[in-house]
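This report refers to the structure that appears directly beneath it.
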Amino acid sequence: METRQLSYFILACQHKNHAQGAARAGLSASALSENLNLLERELGLTMFQRGPLGHYPTEAARWLYQAAEPILQLAEAAETVLNLPETALIEQIEVSSPLQFMLGRLSRAASLAVRKLRKIHPGALATVQFADSASRGFEESAVLDLPAHGKASPGGRVVLDYAENGGDPEGTLLFLDEWLCVTSAERSLDGRRTVPFETLRTLPLFLPSLAPAQLRLARAYCATHDLPDPMVIEEDVGTFPRLSRDAAPFCLLAPQSLVAGGLARLNIGYARLPVDLASKVVARITADHPAARSYVSLLRDIVQDPEPTVHYEPKITLKQMRYFLTLCDQLNVTAAARKLHVVQPALSNQLRKLELVVGRKLFHRHRTGLGPTLDTERLAKLFTPAIERSDHIAFQAAHYAASRHERLSVGFVPMINHDGPLVRAITAALEEWGRAYPNVKLQVQEAPTQTLHRWVESGAISFALVEAHVSRTSQLDLNTRDVLGVVSSAASPPLPPGNVALRRLAGIPLVLPGEAFGLRQILDRAADESGTRLTPQMEVNSLTMILALIRRMPLATILPQPSVQPYVDAGIFQFNPIVEPAISRRLSILFSAARSLTEIERSLIAIFRQNLATAGFTPGSASDSASDDARLDRTSVH
């Protein structure tokens, strides 16, 4: 996921088809479609569906639009924020609305006003938050906290809403939102015609979920004109999933701004009411500030365009933001590159590109590393919430896909033997689970424990099978105990058969996996507790390669007994169980403590545990098992 990709996505959401969006962005329709497909695959979400009149954004797309737009606004603000005087304050303007976010006239105008505000108030950073789809599968996106550099500036607040009781002396009128009749009685209606009262009296009347004041307004209109009392229904008026397929005639009364986006792409008729009904959309300043007053003035002008278009052209990438923040944390290029798992030239290249965009050197270079500048701190305060929101998007997308039974991504620590008991138990569990959920796309990743932990926390995977203790509050024990021991070539073992004390391994040439592996973390912890120092002669982050090396070289390694027992039985390797102290691997499921497990995730975990028990893995204590069963039960489905 990148800023350019997100900008293409936001542009596509505002057009009936990708060709129109591509033309606005100055690229081919195929290039736009390819970027959107990559974004869909990365997040596991379906963003667009084809309707009779073009592509239309799904519920997931509307959530992503509102979640991702602040990232692009922060990226654009960062391009010029360093031009402010060093003593200038960042003025945060919070714009909120209880109205549903429907990619319509008001939400687009609100975004355009944010961009134009920075030209009048260069230090003003406005954030816009409409009511979103949290109740339908997504957690509500938190309002960005944009800290000021220097002394904090008291910010302004603006609320966009319908006027109460037809008037609001404290609000600025933005526009009149006319109500429409959305109907299946005659799909050729396109808004230029008027539906007669006689037709309305013969059809079931519906209302979408609206604020109480708007429901009262609609019901009063129906009562005045002798219409049936309308029924409130739960319908996504961006896609009309039920009404667009309902063969029975109906009439849905709704404000035009709420339904215009869906009507433009779906084959549903709509007409004007015989007597006009309109709601006043107003902007109220609830915390006064010069920038807030300017914002309302800009918004009032922009919203007069019935179809405003928002087109972001970010020059700063999320990769550059992430690399920059890691450099701020480490203040050393070598350490930052190691933490990011990239080579130093790639990191330095991204930093140079970022410095070209902002027009400043962002670090002092000296012999021992890097030193931050004032500009470093100012950019970090913009990039931090952008990266946090990016991570939140990935996390929420994975949870949404799992809760909708669309996709499940899981991770496993590296395995040695494709026919070992652990691999057999896992593959049998995946096969059984796949039969129960044949329509769910399953993605399986393999990585060391440390990497899996990072993926779980970021939402890249739903949960992982790990072999080291990470956090008790987010781990479920699988009740296995696998003895660890020294593995060496049976042809020339460095030890006689039998048990071996851990302290004796200090004098044996070892090849071990790196510190990112859970096995290595278990060994290092046991060695520290027993006062022993294990210094491997070689570190190899491939268990298969480790086994190949000990067959050819006078080396030994340390692995769980079930992983190598078939090779021991075949006379290829010798296994010496470690005692004094005895060390065992304890497998567990790692998941994020920030959310609850979904039904399909809980099901797969339950099947894993059952298959491990069937495969004969050594269980933990009965109390441990009962405790973890209770914790799994408390992990409720959302």
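The values are calculated or read from the model by the stated rules, or taken from the named source; none is laboratory data. Small disclaimer: the values here were computed from a predicted structure and weren't measured. Quick reminder, even Gly has a Cβ in these numbers, built from the backbone with ideal geometry, and neighbours come from all protein chains shown. Heavy atoms of the whole protein, side chains included, go into the accessibility calculation; ligands, DNA and RNA do not. Shrake-Rupley method; radii C 1.70, N 1.55, O 1.52, S 1.80 Å.
Residue separation of Arg193 and Arg525 scaled by 0.36 nm, minus their Cα-Cα distance, works out to 111.8 nm of gained length. The overall shape of the range 348-507, judged from the alpha-carbon gyration tensor, is oblate: a/c is not under 1.5, and a/b is no greater than b/c. Please go through the residue pairs Lys119/Lys339; Lys16/Lys315; Lys319/Lys441; Lys16/Lys353 and name each one whose alpha carbons sit more than 30 Å apart in this structure. Cα-Cα > 30 Å for Lys119/Lys339; Lys16/Lys353; rest within. Think of the chain as having a plus end and a minus end, set by charges on the Cβ of Lys, Arg, Asp and Glu; of Thr194, Thr373, Pro385, Thr373 sits farthest toward the positive end of this dipole. Placing unit charges on each Cβ (+1 for Lys and Arg, -1 for Asp and Glu) gives the chain a dipole about its Cα centre, and among Ala394, Tyr8, Phe591 the Cα reaching farthest toward its positive end belongs to Tyr8. Charge dipole of the range 514-601 (Cα centre as origin; +1 on each Lys and Arg Cβ, -1 on each Asp and Glu Cβ, all else neutral): 200 debye, rounded to the nearest 20. If R0 is 56 Å, the Cβ-Cβ spacing of Asp391 and Arg551 corresponds to a FRET efficiency of close to 0.85.
With R₀ set to 56 Å, the beta-carbon distance separating Leu442 from Ala211 gives a calculated FRET efficiency near 0.85.
Taking a ≥ b ≥ c as the square roots of the Cα gyration tensor eigenvalues, with a/c under 1.5 meaning rounded and otherwise prolate when a/b beats b/c, else oblate, which class fits the range 1-59? Oblate.
The order of the peptides 551-558, 495-502 by mean Cβ neighbours within 10 Å, most packed first, is 551-558, 495-502. Averaging the sequence gap over all C-alpha pairs within less than 8 Å and six or more residues apart, then dividing by the number of residues, gives the range 293-437 a relative contact order of 17 percent. With K and R counted +1 and D and E -1, the other residues having a Cβ less than 9 Å from that of Pro255 yield a net charge of -2. How much net charge surrounds Asp229 when only other residues with a Cβ under 14 Å from its Cβ are counted (Lys, Arg +1; Asp, Glu -1)? Computed value for this residue: +2. Measuring nothing but how far apart in sequence close Cα pairs (under 8 Å, 6+ apart) lie, relative to its length, the chain scores a relative contact order of 14 percent. A simple packing score, the average count of other Cβ atoms within 10 Å per residue, orders the peptides 31-39, 228-236 as 31-39, 228-236, with the highest score first. Computed from backbone phi, the HN-Hα couplings of the range 319-334 come to 4, 5, 4, 5, 4, 4, 5, 5, 5, 4, 6, 8, 6, 7, 5, 5 Hz, rounded to whole numbers (Karplus: 6.51 cos²θ - 1.76 cosθ + 1.60, θ = phi - 60°; Gly and Pro given as x). As a calculated quantity, the FRET efficiency between Ala593 and His418 at R0 = 41 Å, using C-beta atoms, amounts to about 0.80. Note on Ala88 and Arg293: the model spin-label points, each 7 Å out from Cα along the C-beta direction, lie 2.1 nm apart. Segment Ala278..Asp301, full-extension length gain: 6.3 nm, with 0.36 nm per residue of separation and the alpha-carbon distance subtracted. Listed peptides 578-584, 535-541, 158-164, 321-327 appear in the order 321-327, 158-164, 578-584, 535-541 once ranked by packing, highest mean of other Cβ atoms within 10 Å at the front.
Calculated accessible area for the chain comes out at 43 Å² per residue, all protein chains present (probe 1.4 Å; ligands, DNA, RNA ignored). At a 1.4 Å probe radius, carbon and sulfur cover how many percent of the accessible area of the range 456-600? Summing carbon and sulfur atoms, their accessible area is 50 percent of the total for the range 456-600.
Think of each Lys and Arg Cβ as +1 and each Asp and Glu Cβ as -1; about the Cα centre, that makes the dipole of the range 353-426 roughly 320 debye. For the chain, the longest principal axis of the alpha carbon atoms and the long axis of helix 105-120 meet at an angle near 80°.
Projecting the Cα atoms of Val259, Gly459, Pro496 onto the charge dipole of the chain (Cβ charges, centred on the Cα centre) puts Pro496 farthest toward the positive pole.
Dipole check for the chain: with +1 at the C-beta of Lys and Arg, -1 at the C-beta of Asp and Glu, and the Cα centre as origin, the magnitude is about 1500 Debye. A straight chain from Glu355 to Glu431 at 0.36 nm per residue would run longer than the Cα-Cα distance by 22.3 nm. Glu529 sits among other residues whose Cβ lies under 13 Å from its own Cβ, and their net charge, with Lys and Arg +1 and Asp and Glu -1, is 0. Of the solvent-accessible surface of the range 195-238, computed with a 1.4 Å probe over protein heavy atoms with every protein chain present, carbon and sulfur atoms account for 60 percent.
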